[in-house]
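First the structure, in the form of structure tokens, and then the observations on it.
The values are calculated or read from the model by the stated rules, or taken from the named source; none is laboratory data. Only a predicted model underlies this, so the values are computations on that prediction, with no experimental measurement involved. Heads up, the Cβs are rebuilt from the backbone with ideal geometry, glycines too, and the neighbour counts pull from every protein chain shown.
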């Protein structure tokens, strides 16, 4: 029941109808039952039992933290609760697949087996932390807490919701809202367009190169990495739009995850725009506590070092959260180096701007910053996408080779082998046409997802033309490969 499948659309339609047909007091039960069935279908009964244990453990520890009379007791319950949840994460995501007798399982089946655990464990940790710091009171109803963890539109890949944002919404008795219904369907349509028409087509070219990097040199390696930057963003934002749209059908507003990330002018700004629910989670529950602790221990003069250690710790954990591998660890370290270098060179960069008088040309200044930021992020994606460290090092060591042959760019054979990778130009042309059309016509506040979908406010023929063209793109040019959403693996 993956969000870009026919099964998901049919089930969503069934849940939507049932939700509004039953009485208000049964609507939460419909969502809870649907979410639990989704979890069972995607995994198995053993995973469901483990989830019941994790959710029950976190639920009662939240109560223990709240009712404890001393700060020391609250702290102990918090630490034990966090350590236990991290242990559950390692058990389900890394230890069981490695040591249990799953000889008959493929890698994909093992990923499906552990689906969603990385996301609801983070919600468990933030739930306990917020109770300890009086940000949120423990939820009295266990089943509402369970629904908060595995609400089916967001279960697979987030957004990672805070209890203070989602739980109050789950308690409301909302009537059918046509505006939410309309914008929800549009978000789902846009998400399918991003995934099936754009991301999956780009993936065809990216997979060809990254599955056999040793057969390619500079231009091919750079172009494939550039395409992966686009694929990852459209793939993940496509899923998030489907999740946001599905939730809005039930009058529930989830957290937007993207805000024009590739128009960022710095790495720190990028992380405020990319995977917002996760990056804000990292800031609130790892970076700030580490930074604050170091400042208390070392004093206020330790500010810059506290920032560096906090950033390094945060992004190392961020890398390892994606997977226990040197590739993800290296990716996290690279991002932390970007951030730290940005902090320590800011004053020198400002002086350079004054010296070159680029302050008088803000458009040029901004464009240059966007260009460098995008390429730095794209470079880091090499480690994120490559199958091994050897492949990563090969790409880096060869990405500047072979550029002398670029003079043959007018030769169709050269284009076919260097940039089309044997798949022809048609699929790529359709893909980039779709991207350009999408960005120009939607003109939303956040062009990957938005609560303010301005196309809904257009006059009738413009709005319906957009609907029709997007739908036709999906029906005529969808490319469904065997892979699912990229972040499905995490």
Which numbered condition residue 365 misses (of (1) closer than 25 Å to residue 220 by Cα; (2) surrounded by 14 or more Cβ atoms within 10 Å (Cβ to Cβ)): (1)
Which listed residue is assigned to a helix (DSSP H, G or I), at pLDDT 75 or above, out of contact with any strand residue (DSSP E or B) (no Cβ under 8 Å at 6 or more places or on another chain) and closer than 30 Å to residue 15 by Cβ, from 136, 77, 53, 64: 53
Qualifying residue in the range 296-313 (condition: assigned to a helix (DSSP H, G or I), out of contact with any strand residue (DSSP E or B) (no Cβ under 7 Å at 6 or more places or on another chain) and closer than 21 Å to residue 116 by Cα): no
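Matching residues to (1) without any contact (Cβ under 8 Å) to a residue 12 or more places away in the chain; (2) in contact with a helix residue (DSSP H, G or I) (Cβ under 6 Å, 6 or more places away or on another chain); (3) within 25 Å of residue 81 (Cα to Cα):
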residue	(1), (2), (3)
11	no, no, no
24	no, no, no
33	yes, no, no
38	no, no, no
54	no, yes, yes
59	no, yes, yes
64	no, yes, yes
Flag for residue 207 being in the same structural domain as residue 438 (by TED's automatic domain parsing), assigned to a helix (DSSP H, G or I), within 19 Å of the chain's Cα centre (by Cα) and within 30 Å of residue 416 (Cβ to Cβ): no
Qualifying position, being in a helix (DSSP H, G or I), touching a residue at least 12 places away in the same chain (Cβ under 8 Å), under 32 Å from the mean Cα position of the chain (by Cα) and within 17 Å of residue 207 (Cα to Cα), among 382, 343: 382
Selection count where residues are in a helix (DSSP H, G or I) and touching a helix residue (DSSP H, G or I) at 6+ places or on another chain (Cβ under 6 Å), scope the range 407-434: 8
Subset of the range 139-176 (residues that are under 27 Å from residue 187 (Cβ atoms), over 17 Å from the mean Cα position of the chain (by Cα) and part of a loop (DSSP other than H, G, I, E, B)): 171, 172, 173, 174, 175, 176
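For the condition closer than 24 Å to residue 436 by Cβ and surrounded by fewer than 24 Cβ atoms within 10 Å (Cβ to Cβ), what is the one hit in 278, 223? Reasoning before the result, please.
Values: 278 fails: closer than 24 Å to residue 436 by Cβ.
It is 223.
Among the listed residues 193, 228, which satisfies the condition of being closer than 30 Å to residue 407 by Cα and in contact with a helix residue (DSSP H, G or I) (Cβ under 6 Å, 6 or more places away or on another chain)?
Result: 228 is the single residue among 193, 228 that is closer than 30 Å to residue 407 by Cα and in contact with a helix residue (DSSP H, G or I) (Cβ under 6 Å, 6 or more places away or on another chain).
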Only listed residue being in a helix (DSSP H, G or I), more than 30 Å from residue 116 (Cα to Cα) and outside the structural domain of residue 115 (by TED's automatic domain parsing), chosen from 368, 320, 376: 368
Residue within the range 238-248 that is in contact with a helix residue (DSSP H, G or I) (Cβ under 9 Å, 6 or more places away or on another chain) and not in a helix (DSSP H, G or I) present: no
Scan of the range 394-404 for residues that are assigned to a helix (DSSP H, G or I) and loosely packed, with under 14 Cβ neighbours inside 10 Å, ordered by number: 397, 403, 404
